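Chemist: Handing you a structure now.
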Amino acid sequence: MSYFTSHFSTFGHEFWGLLVGGVANGVVYAMVAIGYTMVYGVLRLINFAHSEIFTSGAFASFFLMKALVGGSTPTATESVIYVILGVLVGGLAGALAALALERVAYRPLRRRNAPKLAYLISAIGASYFLFNFYGKEFGRINLSMDAPFTNNTVFTIFGAPVQMYYIVIVIVGVIMLVSLDRFVAKSKLGRGIRAVAQDAETASLMGVNIDRTISLTFVLGGFLGGVAGFLFAIPIGVVYTMGFTPALKAFSAAVLGGIGNLRGAVIGGLLLGIVESFSVAFFDGVYIDVVAFAVLVLVLMVRPTGILGERLGRSA
Amino acid sequence: MLRVFQHHMVKRVAGAILIGLLVLVMTGPQGNGSEPTSGFTGSFSEHMSFFGFFTPPRWITFALLALVLSLLVMFAKYSHRAWRRAQESGAAAARAVASAAARVKYVRSRRSGRYSGYALLVLLGIFLPRIITSQSWQTNIVQLVAVYILLAIGLNVVTGFAGLLDLGFVAFYAIGAYTTAWVTGALPTSPPFGIHFNTFFAIPFAIILAMAFGVVLGIPTLRLRGDYLAIVTLGFGEIIFIFANNLYGITGGSTGTNQIPYLSVHLGPLKYLWGLTPQPYYYLTLAFIVLFLMIFSSLEHSRVGRAWVAIREDEVAAESLGIYPLKYKVMAFAIGAASAGFAGVITASQTLFVTPPTFSLSFSINILVLVIFGGMGSIAGVVVGGLVIQGFVVYMIQSPPAWYNPADLYMYLGALLIVMMIFRPAGLLPSRRRLREVTQVESGVARDQMLTHIGPHNRVEEEL
């Protein structure tokens with residue numbers, strides 16, 4: 001997390017530099033926050049294992065990049081192809097992990113109508129199982145990623161350099177978020193998701209397959225989470241515990257924006273990224289993680305419904 | 001072709017094979033990032049001793065496992081007659097067990113019977129160092145069993161009795177450990193006037209400070225419910241960790257301190273030093289476990305305990321009956337924190353050092369696993385759960401089998417949590433009341449507590 005921000009403060013381009021870094025981080029948070037908010041929308045529970053969906057995407061794209069780039073310097077065309085492939089593979093890995101998670105940790109409990117605490121505990125179990133499993137299989141050290149593009153400065157805003165990395169994040173993120181928003185708003189399946197979020201019983205009477213809709217929700221959220229994992233891992237590499245902090249922050253972002261609301265998650269993510277980035281100007285960089293938790297606690301206490309306090313079912 | 005996969009038998013067999021594969025990889029060798037598939041391929045190709053008789057490649061062992069599992073699921077479904085015959089012969093044994101269980105239940109239902117059960121456990125605890133004489137075993141038993149049980153019975157008050165999922169419980173343990181370091185002058189900051197207290201003063205200090213911290217932490221967070229509370233407590237746990245890791249002037253930062261003295265008594269002629277052997281620590285911890293168990297179990301049946309149950313089952317209803325939820329929830333936090341604070345003293349003064357990495361989220365999860373496995377809200381269950389799981393952990397550390405790597409502990413604990421939630425959500429020895437709550441919710445009583453994926457839910461405001 002402190003990667004971008006600490007770099008920028010040494011450059012001395014305080015405001016604009018922090019803003020660029022904050023927006024880039026914010027887009028990643030937003031993409032992860034979408035996963036929390038969608039699952040919350042249909043199931044009314046916090047998917048604690050979402051951090052491992054993020055990690056899954058990061059690991060899958062890490063190995064892809066290792067195979068594709070492998071230390072070479074990709075040309076411009078290659079870079080574009082690699083990024084697209086990375087997005088696809090990272091997203092698919094995230095979606096697959098989310099699907100498996102729903103099957104193993106949630107569906108048996110859903111069949112039984114288990115109490116709410118049970119879901120949280122089984123999700124915690126799934127999270128611990130998954131990331132330690134990755135740690136076992138892929139080692140417990142930080143592995144640096146073969147970057148699919150050269151991270152040079154593309155242009156400057158008021159003296160603050162804007163690097164390729166930020167541009168890739170923003171482009172990919174905006175495409176993903178907008179298409180998800182359109183999908184949920186316009187498509188038949190998206191209407192199903194909104195219907196289940198609004199009133200699952202009635203939705204099922206209207207012919208919506210609830211199980212499939214819930215799976216679809218996990219898959220969509222998982223895809224975005226996986227892509228976020230890929231983008232996040234490009235500069236700092238992968239490690240089995242990488243998902244925890246960004247996911248917790250993304251959760252804070254989802255709550256900040258109003259959990260259950262898609263656009264709220266995006267706004268919350270951007271806002272949190274920017275606030276966190278600027279906080280470096282006031283606190284020591286090591287306390288940057290405290291900011292997100294403080295935001296979370298404050299929001300829950302002052303305005304628990306978040307900025308856009310409405311539901312997935314009512315939004316878009 | 002695809003329809004074959006929808007046949008229930010095919011599904012079961014596929015499930016059995018998948019479980020076999022998963023176990024194969026889970027128990028396989030450690031991989032590494034430079035050769036991402038080495039863990040997987042090694043899981044198949046490496047050789048594994050089969051009870052010392054012969055050493056086939058691992059995949060043969062696990063193919064056999066999958067075959068046995070598949071046969072079991074097929075056998076259980078198809079050979080009804082054999083199944084029934086087995087059941088009948090089993091029935092006699094089952095009846096014997098049932099009557100014994102009824103007897104135990106009857107004995108347990110009487111107060112003297114219940115106490116005789118506990119007395120038996122305590123006796124076993126007292127003579128345990130005579131049975132297990134190895135020093136490293138004993139040290140591990142204090143650090144990994146006794147301390148964990150202390151923490152688990154504390155978390156049981158919060159999570160089991162009051163129904164508050166606290167993922168930052170390790171914070172109280174950290175407070176206890178750091179207080180010990182502070183009181184004995186091992187930290188960069190010392191007690192005022194340069195007084196260096198005897199380590200024993202750390203015990204009341206740590207307990208009181210942990211309880212006070214429970215109140216401080218509880219008042220803002222305990223207004224939240226359910227999963228929000230879990231995440232916020234987790235956040236607070238992380239904040240404590242970050243501060244402990246970075247406030248070099250106060251906590252010693254990431255290296256912590258290793259200057260803590262052993263517990264000792266110097267009262268005139270009476271001189272006694274804890275720590276040369278693990279036994280004194282063992283008995284001290286045992287005594288405090290018994291003390292805390294007595295306090296907590298009497299609390300369970302007191303006015304406070306009943307208030308906790310009421311809040312756990314329906315906070316709104318409890319409030320309407322004049323129970324002020326926040327007060328009792330904060331009490332649960334503070335009381336649960338007491339045993340964690342004491343556990344911190346034991347850890348700090350026996351291992352002589354405190355470092356932040358000890359107090360990670362994983363630690364809270366480990367304690368949570370003990371509570372869940374034993375049975376939330378059931379004191380006996382939590383103690384037994386702690387004994388079983390942590391006893392197993394110690395055994396694995398002392399004599400690790402080839403397939404087990406201590407670094408994978410949390411992988412197994414995570415899997416255990418899922419399995420428990422699927423098959424036995426109320427735990428190994430469920431508290432009767434808690435079991436009833438679970439079954440009631442699952443059968444649709446207390447509708448508003450269950451996960452409403454059916455039915456309208458405009459409940460965001462209420463849930464928070």
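What follows is calculated from the coordinates using simple rules that are stated; it is not laboratory data. Remember, predicted model here, so these are calculated numbers, not experimental data. Neighbour counts run over all protein chains shown; Cβ positions are idealised from the backbone, glycine included.
Chemist: Largest first, please: the extent of the C-alpha atoms of region A:1-149 along each principal axis, to the nearest Å.
Modeler: 54, 37, 28
Chemist: Just going by the charge dipole of region A:81-173, with Lys and Arg at +1 and Asp and Glu at -1 on Cβ, which of A:A105, A:F138, A:P161 is farthest out on the positive end?
Modeler: About the Cα centre, the residue reaching furthest to the positive side is A:A105.
Chemist: Identify all lysines with a Cα-Cα distance to A:K136 below 21 Å; exclude those on the same chain that are fewer than 8 residues away in sequence.
Modeler: Partners found: A:K66.
Chemist: Hydropathy at least 0.5 by Kyte-Doolittle, axial extent at least 24 angstrom from the Cα trace: which helices of chain A, defined as entire DSSP H runs, fit?
Modeler: A:14-43, A:50-68, A:76-101, A:116-138, A:164-186, A:210-236, A:262-279
Chemist: I need the shape label for region A:2-302. Rule: rounded when a/c is under 1.5, else prolate if a/b > b/c, else oblate, with a, b, c from the alpha carbon gyration tensor. Intermediate results must be reported in sequence, preceding the final value.
Modeler: Values: a/c = 1.67, a/b = 1.45, b/c = 1.15.
Prolate, since a/c reaches 1.5 and a/b exceeds b/c.
Chemist: Ranking A:F183, B:F342, A:F278 by Cβ neighbours within 10 Å, fewest first, what do you get?
Modeler: The order, fewest Cβ neighbours first, is A:F183, A:F278, B:F342.
Chemist: Averaged across the residues of B:232-239, what count of C-beta atoms belonging to other chains lies within 10 Å of each residue's C-beta?
Modeler: If you average over the peptide's residues, the count of other-chain Cβ atoms is 5.
Chemist: Within 10 Å of each residue's Cβ, count the other Cβ atoms and sort B:I219, B:I335 from fewest upward. Show your work: numbers first, answer last.
Modeler: Working: B:I219 14, B:I335 22.
Ordered by Cβ neighbours within 10 Å, fewest first: B:I219, B:I335.
Chemist: A further question follows. To the nearest 500 deg cm²/dmol, what mean residue ellipticity at 222 nm is calculated for the protein assembly as shown from DSSP H runs of n ≥ 4 alone, each contributing -39,500 (n - 2.57), summed and divided by the residues?
Modeler: -22500 deg cm²/dmol
Chemist: Determine the shielding of peptide A:198-206 by partner chains: average, over its residues, the number of Cβ atoms on other chains within 10 angstrom of each Cβ.
Modeler: For this peptide, the per-residue mean of nearby foreign Cβ atoms is 3.
Chemist: A further question on this structure: For A:M206, B:M74, A:M242, what's the fewest-to-most ordering of other Cβ within 10 Å of each Cβ? Kindly include the intermediate steps, with their values, before the conclusion.
Modeler: On the way: A:M206 10, B:M74 14, A:M242 23.
Fewest-to-most Cβ neighbours within 10 Å comes out as A:M206, B:M74, A:M242.
Chemist: Cross-link partners among aspartates and glutamates for A:K249, C-alpha distance below 15 Å, same-chain residues fewer than 8 apart left out?
Modeler: Result set, ordered by chain and number: A:E52, A:E276, A:D289, B:E238.
Chemist: If the only charges are +1 at each Lys and Arg Cβ and -1 at each Asp and Glu Cβ, what is the size of the charge dipole of the protein assembly as shown around the Cα centre, to the nearest 20 debye? Show your work: numbers first, answer last.
Modeler: On the way: 52 positive and 32 negative charges, 626 e Å.
That gives a dipole near 3000 debye.
Chemist: Now for a separate question. Find the all-direction average of the projected area of the Cα convex hull for region B:116-429, expressing the result in square nanometres with one decimal place.
Modeler: 17.6
Chemist: Highest mean first, what order results for B:355-368, B:120-133 on Cβ atoms within 10 Å?
Modeler: Those peptides, ordered most packed to least, come out B:355-368, B:120-133.
Chemist: In percent, how large is the relative contact order of chain A, given Cα pairs closer than 8 Å and 6 or more residues apart? Write down the numbers at each step before the final one.
Modeler: On the way: 566 pairs, mean separation 114.0, N = 316.
That works out to 36 percent.
Chemist: Along its principal axes, what span do the Cα atoms of the protein assembly as shown show, with the longest given first and each in whole Å?
Modeler: Per principal axis, max minus min of the Cα coordinates gives 81, 80, 65 Å.
Chemist: Shifting gears a bit: Report the Rg/Rh value for region A:246-303, based on alpha-carbon coordinates and the Kirkwood definition of Rh. Walk me through the numbers before you get to the answer.
Modeler: Details: Rg = 10.9 Å, Rh = 11.2 Å.
Ratio of gyration radius to Kirkwood radius for region A:246-303: 0.97.
Chemist: Compute the separation of the alpha-carbon centres of region B:313-338 and region B:202-216 and state it in Å as a whole number.
Modeler: What the calculation gives is 20 Å, centre to centre.
Chemist: Have a look at A:N209, B:V13, B:V158 and report the one farthest towards the positive end of the charge dipole of the protein assembly as shown, computed about the Cα centre with Cβ charges (Lys/Arg +1, Asp/Glu -1).
Modeler: B:V13
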